[in-house]
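A short worksheet on the structure shown next.
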Amino acid sequence: MTVRDPLPRVGLLPAHFGLGMTLLLCGALLGCKETSSGPPEMPPPTVTVAKPVTKKIVEWDAYTGRLEAVDFVEVRARVSGYLKSIHFKEGQIVDVGDLLFVIDPRPFEAELNGAVAALNQAQSQLKQARASLENAKAKQHQSEAGLQLAKTRIERARALEAQNAVSIEELDQRAAEFQQAEADLEASKAGISAAEAEIATAEAAIESARAGVETAELNLDYTQVRAPVSGRISRQYVTEGNLVSGGTATSTLLTTITSVDPIYCTFDVNEQDVLKYIRLAQIGERKSSREAKNPVFLGLVDESGFPHEGHMDFVDNHFDVNTASMRARGVIPNHDRVLLPGMFARIRIPGSAAHQGVLVPDSAIGTDQSSQYVYIVVDNVIQRRGVKLGPMVDGLRVVREGLSGSETLVIQGLLQSRPEMTVQVKPGKIEAIEDGLPDDYQPLPPEKWMSRVPDPQPVSSTIQANAMIGLDSPPQPTGEAR
């Protein structure tokens, strides 16, 4: 009996087993060689580049303003009385001089009639005083003739007395007649003075009566309340039949009127911008809005661009200590009556003279704490360039310092770029979006001004008084006072 070995001998393994082990060892060696060589290198990143936009620009400063009416009038009663009628529709446009309210005129008509009667009475007194003057003058002539006759008689009597041809009684009689004639002459002169005084009194009474008539006429005219300005009227605050008071600080408010065309837009300017405008005016690059009517462009919240054009009208004389800003104002035409008092508006005013500017998109600008920078590409290598920025113009940012406009600017891929990094470039394009603001400007000429013209200087009360008393010019001071 033959016993077999339970384990096969090595030498008895199949031939293909040795070949498999050889292939497995070769694969393991190849795998170790690839692991030790590392991953393949990444290609340089690709960025989009373009030339900055260079064009003639004006740096338009942006503000937020509020619209205000040029004229806002509280219509109040100037005389007291019962409100008789109302002659307007609430909310309508009214013109200056339109009849709005009527106050019962009957008491004022009676007052005017009384004043006219007083004037007629004063005029009659003047005529009577003038007649008295003529009578006094006639008496003076008569007294002068009587005095001359009495003087002749007394002289004749005295001549006859020297010849003892006249009695003492007759001489005394002639002397008495002479004295009586002198007294009559003095009395006639006094009558003339009295008549002249009566004339002066009557003339003063006439002037007083005329003033009373003028006052009564004014009060009667005030019973018709008319629109002092043109504009849109508000609602009626008092209805017919109510008693209204007038002529005082607490007169009854009847309604209000706001003008519509043109309209003001007020805005606040900070101290830094005010100083910038002052420096530009000092070097002659931009005229001050106090002296020139610089243009103002306005747009409402639902409007694209700035379709409304006006000009500067007013700059205040001090800073508000609470806000550290100065109030300024522009005036805007409002022919279509779209602009309403109380609205907010976007304002643009020139912040520089026209100059050649460099414009880049905000997406090409990086911020590093307190500074801004851009990346440019020189020979496919990134370089960092610090910049000083200005406002937005045509949808792009103004670069005041740092770029000349000839650089190759990174406009896409800013986050993956680093200084001194080698990159691949792809050409792009920077497009400006017109915002409707001009690239140049000039202050508006006088024929286009909409600012209110000041009223002429009134005649002084001294000149009026001198004219009333017949003086051509006011009295001049004398001596050292001159």
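The values are calculated or read from the model by the stated rules, or taken from the named source; none is laboratory data. A quick note: this is a predicted structure, and the numbers were derived from the prediction, not measured. When we count neighbours, we look across all protein chains shown, and the Cβ atoms used for this are built from the backbone with ideal geometry, even at glycine. Only protein heavy atoms, including side chains, enter the accessible area calculation; ligands, DNA and RNA are left aside. Shrake-Rupley method; radii C 1.70, N 1.55, O 1.52, S 1.80 Å.
Taking the numbered list (1) open to solvent by less than 40 Å² (accessible area, probe 1.4 Å); (2) in contact with a His (Cβ under 9 Å, 6 or more places away or on another chain); (3) of a type in the set (D, E, K, R) in turn, Lys56 passes all entries but (1). Within the range 251-263, residues that are closer than 12 Å to Phe101 by Cβ reach partners that are buried (at least 17 other Cβ atoms within 10 Å of the Cβ) and charged (D, E, K, R) with beta carbons closer than 6 Å, at six or more positions or on different chains, in the pairs Leu253/Arg76. In the range 105-147, the qualifying residues are those that are touching a Leu at 6+ places or on another chain (Cβ under 7 Å) and at pLDDT 90 or above, and the one that is nearest to Ala194 (Cα to Cα) is Leu112.
Only residues that are among the β-branched types (Val, Ile, Thr), in contact (Cβ under 8 Å) with a residue 60 or more places away in the chain and open to solvent by 40 Å² or more (accessible area, probe 1.4 Å) were counted in the range 411-445, giving 2. The criterion of at least 1 residues that are open to solvent by 20 Å² or more (accessible area, probe 1.4 Å) is met, among strands (runs of 3 or more DSSP E) falling completely within the range 233-305, by 253-258, 263-270. Say we look at the range 306-353 and pick out the residues that are within 15 Å of Pro438 (Cβ to Cβ) and part of a loop (DSSP other than H, G, I, E, B); which of these is most open to solvent (accessible area, probe 1.4 Å)? Top of the filtered list is Pro307. Take the conditions (1) more than 26 Å from Glu401 (Cβ to Cβ); (2) at pLDDT 90 or above; (3) not hydrophobic (A, V, I, L, M, F, W, C); Gly305 misses just one of them, which is (2). Tallying residues that are more than 13 Å from Gly357 (Cβ to Cβ) and in contact with a Lys or Arg (Cβ under 7 Å, 6 or more places away or on another chain) within the range 369-401 yields 5.
Of all the numbered requirements in (1) open to solvent by 90 Å² or more (accessible area, probe 1.4 Å); (2) assigned to a strand (DSSP E or B), Ala62 misses one, and that requirement is (1). Has the range 238-248 got any residue that is among the acidic types (Asp, Glu) and under 30 Å from Ile433 (Cα atoms)? No: zero hits. Scanning the range 383-410 for residues that are free of Cβ contacts under 8 Å to residues at least 60 places away in the same chain and farther than 18 Å from Lys55 by Cβ yields a count of 5.
Restricting to the range 360-405, name every residue that is under 35 Å from the mean Cα position of the chain (by Cα), surrounded by 17 or more Cβ atoms within 10 Å (Cβ to Cβ) and assigned to a strand (DSSP E or B). Residues satisfying the conditions are Gly390, Val393, Leu396, Arg397, Val398, Val399. Every condition in (1) closer than 30 Å to Tyr264 by Cα; (2) at pLDDT below 90 holds for Glu41 except the one numbered (1).
Number of residues in the range 65-92 that are under 30 Å from Pro350 (Cβ atoms) and either among the hydroxyl-bearing types (Ser, Thr, Tyr) or assigned to a strand (DSSP E or B) (or both): the value is 6.
Among the residues that make up the range 400-419, is at least one of them touching a Phe, Trp or Tyr at 6+ places or on another chain (Cβ under 6 Å) and within 30 Å of His335 (Cβ to Cβ)? Within the range 400-419 (the criterion being touching a Phe, Trp or Tyr at 6+ places or on another chain (Cβ under 6 Å) and within 30 Å of His335 (Cβ to Cβ)), the answer is no, since none of the residues qualifies. Of all the residues in the range 73-112, those that are free of Cβ contacts under 8 Å to residues at least 40 places away in the same chain and open to solvent by 90 Å² or more (accessible area, probe 1.4 Å) number 3.
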